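Structure first, commentary second.
The values are calculated or read from the model by the stated rules, or taken from the named source; none is laboratory data. On a predicted model such as this, the values are computed, not experimentally measured, just so you know. Note: ideal-geometry Cβ built from the backbone for every residue, glycine included; neighbour counts use all protein chains shown. Quick note on the areas: whole protein, heavy atoms, side chains included, nothing else; ligands and nucleic acids left out. Shrake-Rupley method; radii C 1.70, N 1.55, O 1.52, S 1.80 Å.
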Amino acid sequence: IMGFPVAVVVAWAFELAPEGVRRTPSACEEREAFPDGRSGLPAKTLVALGLLVAAIAVGWFVMGNGGGEPEVTDRSIAVLPFETLGQEETTTFTDGVHGDLLTRLSHISDLSVISRTSVMRYRTSEKLLPAIAAELGVAWVLHGEVQETGDQVQVNARLVNAGTDRQVWAESYRRKLTAGNLFEIQAEITRQIARALETRLSPEEERQVERTPTENLDAYRLYAQGRELLDQRTEDGMRRALDYFQRAIAQDSSYALAWVGLADGLSLLEFYNYPNPGIALGARQAARRALELDPTLGEAHASLGIVHSVRQEGPEAVLELQRAVELRPGYAEAHAWLGWMHVILGRQEEALEPMKRAAMLDPLAPAFRAYLAEAYLANGRSRDALREARRAREIQPDYPLAHFMEGLVLYQLGMMAEAKAVLRDVLPFVRPRGTPSLSEVRAVLAVTHAASGDSTAARELLARIEEANHPFSAGLVHAALGEDEAAFDAFARVSTWDSFSTEHFRYFFPDILGPLRDDPRYQELLREVDRSWGL
């Protein structure tokens, strides 16, 4: 295809060539060329045919050797953790550069960028790039190195086509170490990737890519350390992260992302029922301060959405989280919270798309798999829910929510022995106040015992639930034991309809709660649930 136009041009040039070049050979010359008397083709024809064959061969060569790259149709990409080079190993600094690059790429709506939680699992992996790409489900992989030497920084980046394991772009940047230069390097890498993947940026996406969050290098370092700790989702990590975010704000009070980090840390402490460390400023104030500094910052809208979610302000949470994913389409955390809020508010069908998007963007985050299992179960898709719950357990075997969701799904599928085994195994890992709490796990285990005909074991667990003063869980067990009046008495004592009680009351245990749902008292309780979430 490419050789044919070349051949036409060559033939045309041959026709226009001087007479001495293109003249027809004489009969004598032909006899010299073919002494046996055969009649050969005219030299002019032979030359033209030869040029045609050569041109076609050149065309095939070009097409097969990168001159004609096929159109890019799959724009999924994983940015693997960058390696730290040099004697002055500053891994946190390198992780900050890596995280910021991920953030810039995730603002581009045409790209599907795997989130940091998943790619960080490959920090020390010796797997080949195609194998990593297959596990993450991406077509492209970016990897590189960061070297900090004195007042200089060098960033190397390489883009690889995972299907062919072929490098398609590479660049090295060496600049004076300033915050501005770092962000400029990240913006240039992002633009190069967008060009390589044939992506056109909108004006808003271009603005986000070019963004300079802070000019203060110390504030940037402190923020990067805080984010790394916050991602651990441990109580100690969250508390230490808050300290780093506060110090970053002290260095640059206009650093909107540092305010976002502070808001997220405070919200997550409250969500996981950890005590407040005594910070006077609240999560809502921190998130609003971030929005005052940059109203188009998707992370800030997500932070405020999380604040609303934790405070059970449902409609406000949905609005902010929707705005967050509009501004930053690749923000898995915002998609996950949005899907979770839809489940809570009784919009289970709307929950599936953002939940699936979160799991696709962060495929190795066990929480997002567990939440997707929850959304599937709320939609009556138990087999899909079981697959996702088990995937969450594979990713993190000691993750309590994954065990709990698997046990709950197994119960819904009527697999009582398997459900009891899973729920018993997770009890040692569950805290009295957590997600899920000890009483909540005991309640589902007790319901499973009741369904198996072991009312004695169910009542033993019920006694411990009542000692812990968890009325909804107690009501659930009473209903499983056929004690409807006791169940309604317990439900009436619920002072706060949290996510656990709300989801179970709306969707789960149709065998034991179904007979109660026609009772006017149940309908009134549902209206109370709606009011508690701002509906």
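One residue is enough: does region 319-333 have a residue meeting the conditions over 23 Å from residue 375 (Cβ atoms), open to solvent by 10 Å² or more (accessible area, probe 1.4 Å) and not acidic (Asp, Glu)? There is at least one residue in region 319-333 that is over 23 Å from residue 375 (Cβ atoms), open to solvent by 10 Å² or more (accessible area, probe 1.4 Å) and not acidic (Asp, Glu).
Only residues that are of a type in the set (Val, Ile, Thr) and without any contact (Cβ under 8 Å) to a residue 12 or more places away in the chain were counted in region 154-180, giving 1. Name the single residue, out of those in region 380-439 being among the polar types (S, T, N, Q) and closer than 26 Å to residue 346 by Cβ, that is modelled with the lowest pLDDT. Checking each candidate, the answer is 435. Does residue 100 meet the test of being free of Cβ contacts under 8 Å to residues at least 40 places away in the same chain and either open to solvent by 10 Å² or more (accessible area, probe 1.4 Å) or under 20 Å from residue 192 (Cα atoms) (or both)? The answer is no for residue 100. Screening residue 244 against (1) open to solvent by 30 Å² or more (accessible area, probe 1.4 Å); (2) of a type in the set (Phe, Trp, Tyr); (3) touching a residue at least 24 places away in the same chain (Cβ under 8 Å); (4) in a helix (DSSP H, G or I) leaves a single unmet condition, (3).
Using the structure shown, decide if residue 272 is in contact (Cβ under 8 Å) with a residue 40 or more places away in the chain, farther than 17 Å from residue 334 by Cβ and under 22 Å from the mean Cα position of the chain (by Cα). Please lay out each step first, then the result.
Numbers: in contact (Cβ under 8 Å) with a residue 40 or more places away in the chain: yes; farther than 17 Å from residue 334 by Cβ: yes; under 22 Å from the mean Cα position of the chain (by Cα): yes.
Taking the combined requirement at face value, the residue satisfies it.
Note on region 432-461: residues that are in contact with a Phe, Trp or Tyr (Cβ under 9 Å, 6 or more places away or on another chain) and open to solvent by 20 Å² or more (accessible area, probe 1.4 Å) amount to 3.
Selection of helices (runs of 4 or more DSSP H) fully inside region 455-535 by the criterion of at least 2 residues being closer than 18 Å to residue 444 by Cβ and at pLDDT below 95 returns 499-506, 510-513. Close contacts from region 373-397, counting a first residue that is assigned to a helix (DSSP H, G or I) and acidic (Asp, Glu) and a second that is modelled with pLDDT of 95 or more and surrounded by 19 or more Cβ atoms within 10 Å (Cβ to Cβ), with Cβ to Cβ under 6 Å and a gap of 6+ residues or different chains, come to 384/376; 388/369; 388/372; 388/373.
Has region 365-387 got any residue that is of a type outside the set (S, T, N, Q), out of contact with any strand residue (DSSP E or B) (no Cβ under 9 Å at 6 or more places or on another chain), open to solvent by 10 Å² or more (accessible area, probe 1.4 Å) and at positive phi? Yes - at least one qualifying residue is present in region 365-387. Scanning region 298-312 for residues being among the polar types (S, T, N, Q) and closer than 14 Å to residue 336 by Cα gives a total of 2. Scanning for something assigned to a helix (DSSP H, G or I), over 20 Å from residue 332 (Cβ atoms), in contact (Cβ under 8 Å) with a residue 12 or more places away in the chain and not hydroxyl-bearing (Ser, Thr, Tyr), does region 358-370 turn up at least one residue? Checked against the condition, which is being assigned to a helix (DSSP H, G or I), over 20 Å from residue 332 (Cβ atoms), in contact (Cβ under 8 Å) with a residue 12 or more places away in the chain and not hydroxyl-bearing (Ser, Thr, Tyr), region 358-370 yields no hits at all.
Looking at residue 317, is it in a helix (DSSP H, G or I), on the phi < 0 side of the Ramachandran plot and at pLDDT 95 or above? It is true that residue 317 is in a helix (DSSP H, G or I), on the phi < 0 side of the Ramachandran plot and at pLDDT 95 or above.
In this structure, residue 490 does not satisfy being among the hydrophobic types (A, V, I, L, M, F, W, C), touching a residue at least 24 places away in the same chain (Cβ under 8 Å) and open to solvent by less than 70 Å² (accessible area, probe 1.4 Å). Within region 121-140, the set of residues being open to solvent by 80 Å² or more (accessible area, probe 1.4 Å), of a type in the set (A, V, I, L, M) and free of Cβ contacts under 8 Å to residues at least 12 places away in the same chain is empty.
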